[in-house]
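Let me begin by presenting the structure, written as structure tokens, before commenting on it.
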Amino acid sequence: MGIGGCIILIAAGAILTFGTDWEVEGANLDVVGLILMAVGLIGVATFTSIAKRRRVVVPPATPVVEDRTVRRTYE
């Protein structure tokens with residue numbers, strides 16, 4: 001599940017918790033929404049920590065040479 005799936009879980013949980021007033025026998029939709037939001041947040045945290053580890057810094061192939069201008073004064 002990528003970051004998009006996690007964001008969809010957070011959005012669906014927020015809609016169930018804050019945006020609806022439905023009554024369902026045997027299930028509390030507020031709790032279901034909170035669980036979906038928590039799972040989405042855990043997924044985002046896990047995905048970003050894994051993405052940080054996958055980044056590899058590649059050194060430049062050629063050495064960097066800086067040009068310096070030397071000014072000489074003749075007296």
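A few points about this structure:
- Residue in the stretch 45-53 that is loosely packed, with under 11 Cβ neighbours inside 10 Å, more than 16 Å from Ile10 (Cβ to Cβ) and more than 21 Å from the chain's Cα centre (by Cα) present: no
- Residues (open to solvent by 60 Å² or more (accessible area, probe 1.4 Å) and either within 17 Å of the chain's Cα centre (by Cα) or at pLDDT below 90 (or both)) located in the stretch 12-44: Asp21, Trp22, Glu23, Val24, Val39, Leu41, Ile42
The values are calculated or read from the model by the stated rules, or taken from the named source; none is laboratory data. For clarity, every value in this text was computed on a predicted model and none was experimentally measured. Please note: Cβ atoms are built from the backbone with ideal geometry, for glycine as well, and neighbour counts cover all protein chains shown. Just so you know, the surface numbers come from the protein's heavy atoms only, side chains and all, with ligands and any DNA or RNA stripped out. Shrake-Rupley method; radii C 1.70, N 1.55, O 1.52, S 1.80 Å.
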